[in-house]
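Colleague: Provided herewith is a single structure, encoded as structure tokens, for subsequent inquiry.
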Amino acid sequence: MFKIQQSLIDGEKPRTKSENHPDISQVMIIQGHNNFPISWLNKQGYCEYSIFLENVQRIEVKPTRNMVVGTKEHARLEEEFLRDAEPATFEEMIETSKTAELLSRELPVISERYGIRGFIDEVWMTPDEFVIIDDKPGTRAFPSSIHQVFGYCLAFKDTVKEDRKIIASLRERGTDNIFWSAYFDQRAENDIISLINRVHNLLLGKEEFIPTQNPKKCRSCRLKSKCDKKTLPG
Ligand code: SF4
């Protein structure tokens, strides 16, 4: 598969006027609408209240070991990939992939329509389909991980605006082991749009951030020492 890297001129930057949200970290306001990182769909599935603590209350805590390892692994793979990747614009990639197989890493996507943005770990583009890959530690396909990769699929679909099939995949970090995949079909699209709308309602104060009731999640949560809603094992 031919390796190709989106050139810096595209980036994750919105093409229209944008600014940081005055109160909520990591939220941008683009054309008057909130835009949040797609990785929040993973956090939302784990515990919505963690988004409130970290981004609304702006509580600062150290990253977990998994996060540090993940960041290093991303950087290593990106460096390896860039050694022989050809630069191209997003439009050039899509056009070339109509007749050839391409691979891109850390592909930035932004959807102003759905108010989401992020970087896709890896995308395979073939004349028949797009495969959107998110790397995860371990091999369990948690619903929250599936929400995240479906969020990338939605932003990607909104960017390419064409009918090629999209497949969502989860891969064990640092390996070739794709341990879960599914077509991004109409049902998946509708479900993820509803979830994204819920997160927007949370950010707008129309709904409450709900803390998890699962003590196992709280026990592994890096925010637990600062959290007033944690559930501890009885
Ligand atoms: S400690 Fe529990 S309730 Fe609090 S943010 Fe973490 S997972 Fe959510």
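The values are calculated or read from the model by the stated rules, or taken from the named source; none is laboratory data. It should be emphasised that the depicted structure is a prediction, and the values quoted were computed from it without experimental measurement. Reconstructed Cβ throughout: ideal geometry from the backbone, glycine too, with neighbour counts over all protein chains shown. We work out accessible area using only protein heavy atoms, side chains counted, and drop any ligands, DNA or RNA first. Shrake-Rupley method; radii C 1.70, N 1.55, O 1.52, S 1.80 Å.
Colleague: Looking at Asp134, Asp176, Asp158, Asp121 in this structure, which one is surrounded by fewer than 18 Cβ atoms within 10 Å (Cβ to Cβ) and outside any helix (DSSP H, G or I)? Even if it seems obvious, please write down each step before you answer.
Modeller: On the way: Asp134 fails: surrounded by fewer than 18 Cβ atoms within 10 Å (Cβ to Cβ); Asp158 fails: outside any helix (DSSP H, G or I); Asp121 fails: surrounded by fewer than 18 Cβ atoms within 10 Å (Cβ to Cβ).
Testing whether each residue is surrounded by fewer than 18 Cβ atoms within 10 Å (Cβ to Cβ) and outside any helix (DSSP H, G or I) leaves just Asp176.
Colleague: Would you check if Leu53 is modelled with pLDDT of 95 or more and either assigned to a loop (DSSP other than H, G, I, E, B) or open to solvent by less than 50 Å² (accessible area, probe 1.4 Å) (or both)? It would help to see each step written out before you state the result.
Modeller: Values: modelled with pLDDT of 95 or more: yes; either assigned to a loop (DSSP other than H, G, I, E, B) or open to solvent by less than 50 Å² (accessible area, probe 1.4 Å) (or both): yes.
It is true that Leu53 is modelled with pLDDT of 95 or more and either assigned to a loop (DSSP other than H, G, I, E, B) or open to solvent by less than 50 Å² (accessible area, probe 1.4 Å) (or both).
Colleague: Mind listing whichever residues of the stretch 56-77 are open to solvent by less than 40 Å² (accessible area, probe 1.4 Å) and either within 20 Å of Asp121 (Cα to Cα) or free of Cβ contacts under 8 Å to residues at least 40 places away in the same chain (or both)?
Modeller: Gly70, Glu73, Leu77
Colleague: Kindly provide the set of residues from the stretch 85-118 that are of a type in the set (D, E, K, R) and either open to solvent by 20 Å² or more (accessible area, probe 1.4 Å) or assigned to a helix (DSSP H, G or I) (or both), ordered by number. Before the answer, list the steps.
Modeller: Let us first name the residues in the stretch 85-118 that are of a type in the set (D, E, K, R), namely 86, 91-92, 95, 98, 101, 105-106, 112-113, 117.
Those that are of a type in the set (D, E, K, R) and either open to solvent by 20 Å² or more (accessible area, probe 1.4 Å) or assigned to a helix (DSSP H, G or I) (or both): Glu86, Glu91, Glu92, Glu95, Lys98, Glu101, Glu106, Glu112, Arg113, Arg117.
Colleague: Within the stretch 182-234, can you find the residues that are touching a Pro at 6+ places or on another chain (Cβ under 9 Å), assigned to a helix (DSSP H, G or I) and open to solvent by 30 Å² or more (accessible area, probe 1.4 Å)?
Modeller: Hits for the stretch 182-234 are Pro215, Lys216, Arg219.
Colleague: Something else about it: Are any residues in the stretch 177-214 hydroxyl-bearing (Ser, Thr, Tyr) and within 16 Å of the ligand (Cβ to nearest atom), and if so, which ones? So that I can check it myself, show each step before the final result.
Modeller: Initially, the stretch 177-214 is screened for residues hydroxyl-bearing (Ser, Thr, Tyr), giving 181, 183, 194, 212.
Hit for the stretch 177-214 is Thr212, nothing else.
Colleague: Every residue in the stretch 31-50 that is surrounded by 20 or more Cβ atoms within 10 Å (Cβ to Cβ) and away from the ligand (no atom under 16 Å from the Cβ), please.
Modeller: The answer is Asn35, Phe36, Ile38.
Colleague: Let me ask something else about it. Just to be sure before I move on: is Phe130 at pLDDT 95 or above, within 22 Å of Ala85 (Cα to Cα), touching a helix residue (DSSP H, G or I) at 6+ places or on another chain (Cβ under 8 Å) and of a type in the set (A, V, I, L, M, F, W, C) in the structure I sent?
Modeller: Values: at pLDDT 95 or above: yes; within 22 Å of Ala85 (Cα to Cα): yes; touching a helix residue (DSSP H, G or I) at 6+ places or on another chain (Cβ under 8 Å): yes; of a type in the set (A, V, I, L, M, F, W, C): yes.
Yes; evaluated as a whole, the condition is true for this residue.
Colleague: Ok, one more. Check Gly138, Gly174, Gly234 and return the single one that is at pLDDT below 95, within 16 Å of the ligand (Cβ to nearest atom) and small (Gly, Ala, Ser).
Modeller: Values: Gly138 fails: within 16 Å of the ligand (Cβ to nearest atom); Gly174 fails: within 16 Å of the ligand (Cβ to nearest atom).
Testing whether each residue is at pLDDT below 95, within 16 Å of the ligand (Cβ to nearest atom) and small (Gly, Ala, Ser) leaves just Gly234.
Colleague: Could I ask something else about it? Give me the pairs: first residue in the stretch 14-25 and at pLDDT 95 or above, second residue part of a loop (DSSP other than H, G, I, E, B) and surrounded by 12 or more Cβ atoms within 10 Å (Cβ to Cβ), beta-carbon distance under 6 Å, and six or more apart or on different chains, which are they?
Modeller: Cβ pairs passing all conditions: His21/Val27.
Colleague: Considering only the stretch 215-231, how many residues are of a type in the set (A, V, I, L, M, F, W, C) and more than 8 Å from the ligand (Cβ to nearest atom)?
Modeller: As a first pass, look at the stretch 215-231 and keep what is of a type in the set (A, V, I, L, M, F, W, C): 218, 221, 223, 227.
Now narrow it down to the ones that are more than 8 Å from the ligand (Cβ to nearest atom): none.
Total meeting the criteria: 0.
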